[in-house]
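S.K.: Sharing a structure below in structure tokens format, with a few things to ask.
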Amino acid sequence: MTELFADVIMPLSVPKLLTYRVPREQFNDVFPGGRVIVQVKRKLYTGIVRRLHSEVPVGYSAFYLVSSLDTEPIVDEVQMQFWDWLSEYYMCSPGDVLNAALPGHLRLSSDTVVVPVDGMEYPENLPPKEEAIYMALQQKGSLSIAEVEKLLNQITVMQHINRLIKKGLVAVKEEIRESYKPKMETYIELSPSVSEASIGEVLDILEKKAPKQVDVLMRYLHLGKPFSEQKSEVSKPKLLKDLEGGDSALKSLEKKGIVVLYEKEIGRFGFSADVQPISELSENQQNALQEIESIFTQKPVVLLKGVTSSGKTEIFIRLIENSFESKNEVLYLLPEIAITAQIISRLQKVFGRKVMVYHSRLSANERVDVWREMIQRRSEGEKVILVGPRSALMLPFRDLGLIIVDEEHDPNFKQMDSPRYHARDAAIWLASKVGAKVILGSATPSVESWHNAKEGKYGLVQLSERFGGAVMPDIQISDIRELTKKKMMKSLFSPMLLDAIKETTESGRQVMLFQNRRGFSSGVECQSCGWIPQCVHCDVSLTYHRGGGQLRCHYCGYATVVPTTCGTCGETQIRTIGFGTEKVEDELAIYFPNLKIGRMDLDTTRSRIAYDRIFTSFSSGEMNVLVGTQMISKGLDFANVGLVGILNADTMLGFPDYRSFERGYQLMVQVSGRAGRRNKPGKVIIQTKNPSHPVIQWVIAQDFDSLIQHEFTERQLYNYPPFARLINFTLRHPDSRKLDDAAAAFAFQLREVFGNRVLGPAYPNIPRIRNQYNVCLMLKIEKNASYSQAKLRIKKVIDAFKASAHRSNYVMVEVDG
Ligand code: ADP
Ligand code: ZN
Ligand code: ZN
């Protein structure tokens, strides 16, 4: 072979792969799926080789790549095909996919800042270059890779830094780092020198001088049964519970070498990580499981629609077990961190250390740990269950047998920036590629999935009863318009809701109150002229946060003090309008000064510790009332919730798109589903100004069929998914006039191709965010037309647009809007 070229996926938003010439001496070190360092405009980047070939590029002369980094591929062919599909299907650059898929540590660039890892011993025998970098970092603390290059006066530092990272001496610096410390607990064991034969003697000796130690030891023998078949681990809190002076007695026993203490990682939410036997399935669950398994022999995807608390999780657990009989990997996708914790502890009880967690709150270091650990465990033939949000799809699976998409209807499965993929749909593609099965679970399936199930594309299995004879909650309405007119509202609460809170908490049960907005009030307003302070960077009114006494923008983070006089008329009567979770919490405390009230929303859960604290306090029963945003609506299983209150249902019915009814229904049914999950029935009170709104009526009756019927009819009539395909475009520019011109030109070009299938341009609800103006266009494509052909044509329009005078406008494409 005379020449070798590599097509490289760059970690940049460039539309294509870049082709580089491979230096002759590296012919053997460069392979598909391996990383290489390449230079673009004097900066170095880590890219991934997609393909090797000997076709000389036409029209330009390819540069040499700088060097290779790996001795074996770090991503395999199937993964790269998955990336290809994501970038093609969702019309984004391969680099956007790469950046979403690979942890930061695996794609260094000149701008990456690296730091020495604390607490590592001075390494001996480092090769000279690595040593020089290591010493420079020790001195300077942190350096960008470009700075290291300058310092050492050479451009090939990256592979050395990679080796230092591999040795654990250097790490990528992160802007926001919340370090993950596993929660540890001390456990007790008999020292190996103490046997069944000698234990009596040990007790005899202690008996005389140290009766307390005898108590502790006896209790250990009782709880741990160390010499029997049922031997079990005993934690220190369990051993010493209510034993006065037990702590020092235990220390003495340890000193004497009678017992050994050891540390063990436990679930982070106060659940024990002890492996327990799997629960027996109920007859309904058993039937559902069998149905699913039998459909799986013919169809790869099954939708499990089970009412809230029907025990879908228990069925997933069986499916995981069954999948493990033939494959080693299971992926369990969840829409949000808030439910991750609880699911993990439930899975750990059954599967122990097979459960691995990957989530958005892990630092980049921890993410790369998960990545490596997965590969490590695979090489040892271990089975793993990866639990995580949509990004967990990108992990290096190689033996995937089952993907669970829990709460499949949840909008969080869709990524909001490029690549704008939908994890459920991407999971189905990946599964079909590798021959895995997919189970979609929800009490309120998406209209799309329901349609697919009805069309026979997916299997459909239903569970219509709650587990253990628990009944569905009783849902009642409070007409707050009527009550306000009659001046009967007590602050934010109807008398009915206040009575129910009182009754519920007096009977020792708990309450969840739901308000879909954080902050204290949605804004402040001048009483005389109606002026409402707006964000300076966005077209939204500022939210008032009482903690901190600030007005804040929820779109860009801008914050300012609350004005004392009106910005227009100078009046001093400023009042708050609307309300958020903060206000609910505050006002409720006035009516119930003796209840312990907590709040869970984005503001109170910025750190994981804060989240744990609220969660534990509520699940242990210490907290009586939990106020929250949609964070508390999803999947959570608390045993003792007797009442759920929805404070303002009307805010849940105003989603600005064709899914507004669907979303409103899902949200309300999900929130309601937190009530009465065990033997005692639960109650739900919905406060609304529109009691006769069809969605409210369907929620009361839990009438999913009517919702679906309505949606099918409407969407068929107006050509919306699932009866047509929808592609949304957003054009963005800081200059609104330039944007308007560009949008008109873009719309014209699209219409040339697609005619009246194009809608818009139109301004979105919030035209300006972060000083960028936005304009939207929508394209509806018939179901029977070729989607890929349409995308090719769209691409041509975009390419032409990008080459036109309007090219400074940013174009974002959302496929399957
Ligand atoms: P869903 O996911 O459908 O909302 P869950 O799986 O959370 O329902 O089940 C609701 C509650 O019932 C949970 O506490 C769960 O542990 C319990 N449960 C469900 N099925 C069983 C079973 N077969 N045996 C014991 N407990 C069960
Ligand atoms: Zn005013
Ligand atoms: Zn703003």
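S.K.: With θ taken as phi - 60° and the coefficients 6.51, -1.76 and 1.60, list the Karplus ³J(HN,Hα) couplings across the range 395-408 in order, rounded to whole Hz; mark glycine and proline as x.
M.R.: Karplus values, whole Hz, x for Gly and Pro: 5, x, 6, 9, 9, 6, x, 8, 10, 9, 10, 7, 6, 4.
S.K.: On to the next question. Which net charge results when you count Lys and Arg as +1 and Asp and Glu as -1 among the other residues whose beta-carbon is under 13 Å from that of Pro23? Present the calculation step by step, with values, prior to reporting the outcome.
M.R.: Details: positive: Arg21, Arg24; negative: Glu3, Glu25, Asp29.
Taking every other residue near Pro23 into account, the sum is -1.
S.K.: According to a simple spin-label model (label point 7 Å from Cα along Cα-to-Cβ), what is the distance in nm between Ser804 and Val78?
M.R.: In this crude spin-label approximation the distance works out to 4.4 nm.
S.K.: So what is the relative contact order for the chain, in percent, with contacts set as C-alpha pairs under 8 Å and at least six apart? Show your work: numbers first, answer last.
M.R.: On the way: 1465 pairs, mean separation 79.1, N = 817.
Once normalised by length, the contact order is 10 percent.
S.K.: Tell me the mean residue ellipticity at 222 nm calculated for the chain from its helices only (DSSP H runs of n ≥ 4, each -39500 (n - 2.57), averaged over every residue, nearest 500). Numbers along the way, then the final one.
M.R.: On the way: 24 runs with 281 residues, N = 817.
Mean residue ellipticity, 222 nm, calculated: -10500 deg cm²/dmol.
S.K.: Under 24 Å Cα-Cα from Lys738, which lysines qualify once same-chain neighbours fewer than 8 residues away are excluded?
M.R.: Counting by Cα, and skipping residues close in sequence, Lys738 has these lysines nearby: Lys795, Lys796, Lys802.
S.K.: Something else about it: Which ³J(HN,Hα) values, rounded to whole Hz and listed in residue order, are derived for the range 51-62 from phi using the Karplus coefficients 6.51, -1.76 and 1.60 in 6.51 cos²θ - 1.76 cosθ + 1.60 with θ = phi - 60°, glycine and proline given as x?
M.R.: 7, 10, 7, 10, 7, 5, x, 9, x, 7, 9, 6
S.K.: A further question follows. Out of residues 5 or more away from Val40 or on other chains, whose amide H comes under 5 Å of its own, with H placed 1.01 Å from N in the peptide plane?
M.R.: Tyr45
S.K.: Another question about this same structure. Could you tally the net charge around Leu759, taking each other residue with its Cβ under 13 Å from the Cβ of Leu759, Lys/Arg +1 and Asp/Glu -1? Kindly include the intermediate steps, with their values, before the conclusion.
M.R.: Values: positive: Arg751, Arg757, Lys780; negative: Asp657.
Here the count lands on +2.
S.K.: Rounded to a whole number, what is D in µm²/s for the chain from Stokes-Einstein with the Kirkwood radius over alpha-carbon pairs (20 °C, 1.002 mPa s)? Please report the intermediate quantities before stating the final value.
M.R.: Working: Rh = 30.3 Å.
Calculated translational D: 71 µm²/s.
S.K.: Calculate what fraction, in whole %, of the accessible area of the chain sits on carbon and sulfur atoms when a 1.4 Å probe is rolled over the protein chains.
M.R.: 50 percent
S.K.: Explain nothing, just compute: Karplus ³J(HN,Hα) = 6.51 cos²θ - 1.76 cosθ + 1.60, θ = phi - 60°, for every residue of the range 772-782 in order, whole Hz, x for Gly and Pro.
M.R.: 10, 8, 10, 9, 10, 10, 10, 10, 9, 10, 4
S.K.: Please list 661-673, 10-22, 642-654, 297-309 highest first by mean number of surrounding beta-carbon atoms within 10 Å per residue. Intermediate values should be presented prior to the final figure.
M.R.: Details: 661-673: 25.2, 10-22: 17.8, 642-654: 22.8, 297-309: 20.1.
Most protected by this proxy first, the peptides run 661-673, 642-654, 297-309, 10-22.
S.K.: If you take all C-alpha pairs in the range 365-524, what percent of them are over 25 Å apart?
M.R.: Values: 7263 of 12720 pairs.
Result: 57 percent of Cα pairs exceed 25 Å.
S.K.: Counting alpha carbon pairs within less than 8 Å and at least 6 residues apart, what relative contact order, in whole percent, applies to the range 409-517?
M.R.: Working: 39 pairs, mean separation 11.8, N = 109.
Taking the mean separation of contacting Cα pairs over the length of the range 409-517, I get 11 percent.
S.K.: Could you name the aspartates and glutamates whose alpha carbon sits less than 12 Å from that of Lys129, not counting residues in the same chain fewer than 8 places away?
M.R.: Partners found: Glu149.
S.K.: Right, here's the next one. By the scheme Lys and Arg +1, Asp and Glu -1, what is the net charge of all other residues having a beta-carbon under 13 Å from that of Arg715? Kindly include the intermediate steps, with their values, before the conclusion.
M.R.: Details: positive: Arg659, Arg725, Lys780, Lys783; negative: Glu448, Asp657, Glu662, Glu711, Glu714.
In short, -1.
S.K.: Oh, and also: Considering amide H positions built from the backbone, and no H for Pro or chain starts, which residues 5 or more places from Gly817, or on another chain, come under 5 Å of its amide H?
M.R.: Here the answer is Leu726, Ile727, Asn728, since their amide H atoms fall under 5 Å of that of Gly817.
S.K.: Output the pairs from Lys209/Lys236; Lys349/Lys457; Lys457/Lys683 with a Cα-Cα distance over 27 Å in this structure; if there are none, say none. All intermediate terms of the calculation are to be shown ahead of the outcome.
M.R.: Values: Lys209/Lys236 23 Å; Lys349/Lys457 34 Å; Lys457/Lys683 37 Å.
From the list (Lys209/Lys236; Lys349/Lys457; Lys457/Lys683), the Cα-Cα distance tops 27 Å for Lys349/Lys457; Lys457/Lys683.
S.K.: Using amide H atoms built in the peptide plane, which far-off residues or other-chain residues are under 5 Å from Gly645 H to H?
M.R.: Met512, Leu513, Phe514, Ile685
S.K.: Give me the one-decimal nm value for the distance between modelled label points at Met135 and Tyr718, 7 Å along each residue's Cα-to-Cβ direction.
M.R.: Result for the modelled spin labels: 7.0 nm.
S.K.: Accessible area per residue for the chain in Å², computed with a 1.4 Å probe and the full protein assembly in place, what is it?
M.R.: Numbers: 37480 Å² over 817 residues.
Each residue of the chain exposes 46 Å² on average to a 1.4 Å probe.
S.K.: Sticking with this one: Between Thr2 and Trp85, with labels modelled 7 Å along Cα→Cβ, what's the label distance in nm to one decimal, could you check?
M.R.: 3.9 nm
S.K.: So, one more: Enumerate the residues in the range 525-564 having an amide nitrogen under 17 Å from the point lying 7 Å beyond the Cα of Thr576 toward its Cβ.
M.R.: What the label zone holds, given the 17 Å backbone N cut-off, is 525-527, 532-533, 541-554, 560-564.
The values are calculated or read from the model by the stated rules, or taken from the named source; none is laboratory data. None of the values given here were measured: they were computed from a predicted structure. No Cβ is skipped: glycine too gets one built from the backbone with ideal geometry, and neighbour counts run over all protein chains shown. Just the protein is used for accessible areas: all its heavy atoms, side chains included, with ligands, DNA and RNA removed. Shrake-Rupley method; radii C 1.70, N 1.55, O 1.52, S 1.80 Å.
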